[in-house]
Amino acid sequence: MKGKFGGLKENPHPLGRGLNGVYIMNSRFSKYLSKEEWLIREKGWVPDELGIRETQFTIGNGYLGLRGIYEEIPDGTEPGTYIAGVYDSAASMVPELVNAPNPIDFRIAVEGEKLDIGRMVILENERSLDMKRGLLTRRTIFSDTKNRRFLYESIRFFSLYDKHIGGMQICLKSLDKSARIIVQDTVDDSVTNIGGILEGRKRHTQLVEVSPFSDMNYMCVKTFTKKIWIAYGTFLAIARGRSKSIGTLNKIFNMTLGKGESACFTKLFSIYTSKHISYRMLKNTSIGELRRAKKIGFEDLLKRHIGACERAWRRADVEIDGDHEAQKALRFNIYHLLIAGNETNDDVSISARTLSGNGYRGHIFWDTELFMLPFFIYTNPKIARNLLMYRFNRMAEARKIAESHDFEGVLFPWESADTGAETTPPYAKNLDGSIVEIHTMDMEHHIVADVAYGVSHYFTATSDTDFMLRAGLEIMFETARFWASRITYNKETEEFHINRVIGPDEFHENVNNNAYVNRMARWNIHEAIRFYEYFGKKYPRPMAKISKKILLKSGEVNKWKRVSDRIRVPFSKSKGIIEEFDGYLKKRDIILKHFNRYFMPVLPPGVSIDDFNKTQLVKQADVVMLLYLFGEEFTKRDKIRNYLYYAKRTLHKSSLSPSIYSIIASELGDTTRAYLFFLFSLYADLKNTHGNCREGIHAASLGGTWQAAIMGFSGFRVIGGIPSFYPRLPQVWKSMRYNIRWRNCELQLEIGKDKIGIMAFSGKKGRISVRIFDSVREIAFNKKYLFAKN
């Protein structure tokens, strides 16, 4: 390679020998790719799947996310460049994640014909997402109306090492004859957000400045309502054949390619916003970072990025022996979690569709704390802490929401964006496409306890006292304070009730005493009391400061003690099950007996969406969620009764549901259904099992799938404060290997059907207690152990 921005050395022969003697085209970028087990491939061209592939092939680094669009922007493309924490509300009912200008807009025309996968004859087309290395590569052979063939290859990345830097390289070869081409390279600021029910498509930015800077270009836009500045620095270099690459300021230029001649275009870009840098410094910062990237060079930037990706995978990978398809699909889920988490910014969270689409307007739900957070707690606690700090940083808004409902403490918004204010839209589409009014912001208050559960879970696994004293305790106390004000006393039953709520089962609105809500509220208050007493004894001075700050006195805590155990959790003695809410068992009982090709239940004939509220049909894991979160508190018999009852009535109309059912089914020995539930969650986006993948990746399903593998099949739980393992592997799995962070060490595990290998790796000497199968063992750090099932 000549120059820092030239293409890789070309194979002297454009055709290479493939399997069975068939000739296939060698890829210019194949040297960068991992083994096949790490690659998700798209072969051919299916226009109807364009939006799905754009979502699946998203690349990113937690700061930036870029949908996997084709560079030439064929008809039907939905470009999406998303920056964590950048929201705006121009022409929209509520703030939404801004679709920022698209830096991947590169068009080539050959003597008037656009090289476009949707318009030209395509002889071959293949794209590969390298999950291990965070790369998207492409190789396409176009044929024009003169039957001239053109080999088009590209590679792109958003750096996991240099978070504000992205890079792309495109190489074009004229295979048959010489050709005159026109190249257009832009950062497209005309992109829009998809319209909602009452809105058209929305553009959230306006152009502020476009100017050259040495051999670089600078562009800056500003959001309409939030006035956030977004700056782009771009650099383009051109190399012909083996010649040295040359930078250009031109955005449109002409050139002639001879027969067999290649032109390689290398584009680097930097992206910054005024969220954390003064807008006055944006130009110097973005151009300075781009200049530094230029000096490093494309290939070395790529190597730094690949190195960072491989380090992330060493913490997060789950290896499965015996199920190659599930192995690749699970890595796909983990990949999208890795590119969603932000290790350096505690002011952003992960939305329900990550940074991969407009779905749910980029809002943050309870999905984060209960479905995604556990993955980060056990693989990268820094990101987990940041996700919880996002909530803490918005406590002031949560207090305002609680006050607006005449409650005390904090009420986190059901849908959150940048400020922490409630951003749930008033209307949405129902499952059948009809328009319905939304009440979740007024009734789905379990979000409060969900956040508290995340705090407790994080502290249990990390022992991060600094976090608790800085933020965690305040969250725990203020959430308990909310529930203490949310309950009402019922003189007839001498219990405390929580009325007018929506549980996870959103088919049933405005119910009283939803079991999940009430049990979580009871736990929340209990846990706050426990922390109050523990930290009060061990850290009296910091505790005194926290208590003074939020005006918390011992008398209030004593009140919590008097009410928490008397919060009603409905239970049917006749059926021996938890009743989902008061009156649930009086509703029309419908048993689900029909299943689709994924073995998921379908609605019986004669039952419509309008009937849901009148039946016992359940949208998603509700009571069964309790069996998972509070597993120690239920006997196996209790779990079996509740699981069997609700499994026959749950439609799994949320991507959050199948993974939870998989975990409980696995624990109870229902191995076939455990695996089927797992597969449905596993392929939510790879196979578009919910039919809406084009709107973005299902983030909760990603985290739930990981939990189904780790907490379900490998049997990892925290029991009595001790990491515990009791594997129940699917029949086709021989073993699985993974690492988890546990306090001051890393547990390296190899899980078999009847044996467990474990080593607690640490830079210090010490010992740790673990429960293997049913026995508690003391193991020394940095020593390998193998335990067999008795």
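The values are calculated or read from the model by the stated rules, or taken from the named source; none is laboratory data. None of the values given here were measured: they were computed from a predicted structure. Using ideal geometry, Cβ is built from the backbone for each residue, glycine included, and neighbour counts are taken over all protein chains shown. Ligands, DNA and RNA are stripped out before the accessible areas are found, and what is left, the full protein with its side chains, is counted by its heavy atoms. Shrake-Rupley method; radii C 1.70, N 1.55, O 1.52, S 1.80 Å.
Things worth noting here:
- Residues of the stretch 157-194 satisfying the condition of being open to solvent by 10 Å² or more (accessible area, probe 1.4 Å), assigned to a strand (DSSP E or B) and in contact with a Pro (Cβ under 8 Å, 6 or more places away or on another chain): K173, V187, D188
- Going through (1) touching a residue at least 24 places away in the same chain (Cβ under 8 Å); (2) open to solvent by less than 40 Å² (accessible area, probe 1.4 Å) one by one, A760 falls short only on (1).
- Cβ-Cβ contacts under 7 Å between residues 6 or more apart (or on different chains), taken from a first residue in the stretch 391-414 that is modelled with pLDDT of 95 or more to a second residue that is among the basic types (K, R) and open to solvent by less than 40 Å² (accessible area, probe 1.4 Å), are listed as F407/R486; E408/R481; G409/R481; F412/R391.
- When we screen I277, I334 for residues that are surrounded by fewer than 17 Cβ atoms within 10 Å (Cβ to Cβ) and in contact with a helix residue (DSSP H, G or I) (Cβ under 6 Å, 6 or more places away or on another chain), the only hit is I277.
- Boolean, T354 is open to solvent by less than 30 Å² (accessible area, probe 1.4 Å), closer than 30 Å to E474 by Cβ and of a type in the set (S, T, N, Q): yes
- In the stretch 606-635, the residue that is least open to solvent (accessible area, probe 1.4 Å) out of those that are farther than 27 Å from N430 by Cα and without any contact (Cβ under 8 Å) to a residue 24 or more places away in the chain is F634.
- Residue in the stretch 540-560 that is open to solvent by less than 70 Å² (accessible area, probe 1.4 Å), hydroxyl-bearing (S, T, Y) and either under 24 Å from D638 (Cβ atoms) or touching a helix residue (DSSP H, G or I) at 6+ places or on another chain (Cβ under 7 Å) (or both) present: no
- Test result for S655, open to solvent by less than 40 Å² (accessible area, probe 1.4 Å), in contact with a Ser or Thr (Cβ under 9 Å, 6 or more places away or on another chain) and part of a helix (DSSP H, G or I): no
- Selection of the stretch 562-595 for residues being small (G, A, S) and either in contact with a helix residue (DSSP H, G or I) (Cβ under 9 Å, 6 or more places away or on another chain) or at negative phi (or both) yields S564, S572, S574, G576.
- Count of the stretch 577-589 residues, restricted to those that are exposed (fewer than 15 other Cβ atoms within 10 Å of the Cβ) and either hydroxyl-bearing (S, T, Y) or under 37 Å from the mean Cα position of the chain (by Cα) (or both), is 3.
- Pairs are defined by a Cβ separation below 9 Å, a sequence spacing of at least 6 or placement on different chains, a first member in the stretch 294-309 that is aliphatic (A, V, I, L, M), and a second member that is in a helix (DSSP H, G or I); the pairs so defined are I296/R304; L301/A293; L302/Y32; I306/Y32.
- Restricting the stretch 636-647 to residues that are over 28 Å from the mean Cα position of the chain (by Cα) and closer than 17 Å to M625 by Cβ, the residue that is surrounded by the fewest Cβ atoms within 10 Å (Cβ to Cβ): L644
- The residues listed here are A293, A237, A312, A263; of these, the one that is among the small types (G, A, S), within 26 Å of the chain's Cα centre (by Cα) and at pLDDT 95 or above is A312.
- Looking across I170, I104, I155, I182, one residue alone is in contact with a strand residue (DSSP E or B) (Cβ under 8 Å, 6 or more places away or on another chain), farther than 19 Å from A239 by Cβ and of a type in the set (A, V, I, L, M). It is I104.
- Members of the stretch 490-525 that are open to solvent by 70 Å² or more (accessible area, probe 1.4 Å) and either part of a helix (DSSP H, G or I) or acidic (D, E) (or both): E492, E494, E509
- So D300, is it open to solvent by 10 Å² or more (accessible area, probe 1.4 Å) and in a loop (DSSP other than H, G, I, E, B): no
- The one condition from (1) under 19 Å from S681 (Cβ atoms); (2) touching a residue at least 40 places away in the same chain (Cβ under 8 Å); (3) part of a loop (DSSP other than H, G, I, E, B) that R597 does not meet is (2).
- Helices (runs of 4 or more DSSP H) fully within the stretch 389-489 counting 1 or more residues that are open to solvent by 40 Å² or more (accessible area, probe 1.4 Å) and farther than 25 Å from E343 by Cβ: 395-404, 440-443
- Any chance S485 is polar (S, T, N, Q), touching an Asp or Glu at 6+ places or on another chain (Cβ under 9 Å) and closer than 24 Å to R399 by Cα: yes
- Filtered residue count, the stretch 466-508, keeping only those that are within 32 Å of the chain's Cα centre (by Cα) and closer than 13 Å to A521 by Cα: 12
- Checking R728, R673, R717 one by one, the residue that is surrounded by fewer than 23 Cβ atoms within 10 Å (Cβ to Cβ), out of contact with any His (no Cβ under 7 Å at 6 or more places or on another chain) and in a loop (DSSP other than H, G, I, E, B) is R728 and no other.
- For the stretch 221-248, a residue qualifies if it is among the polar types (S, T, N, Q), part of a strand (DSSP E or B) and either surrounded by 18 or more Cβ atoms within 10 Å (Cβ to Cβ) or touching a residue at least 40 places away in the same chain (Cβ under 8 Å) (or both), and the qualifying residues are T223, T234.
- Residues of the stretch 658-670 that turn out to be assigned to a helix (DSSP H, G or I) and open to solvent by 10 Å² or more (accessible area, probe 1.4 Å), as a count: 1
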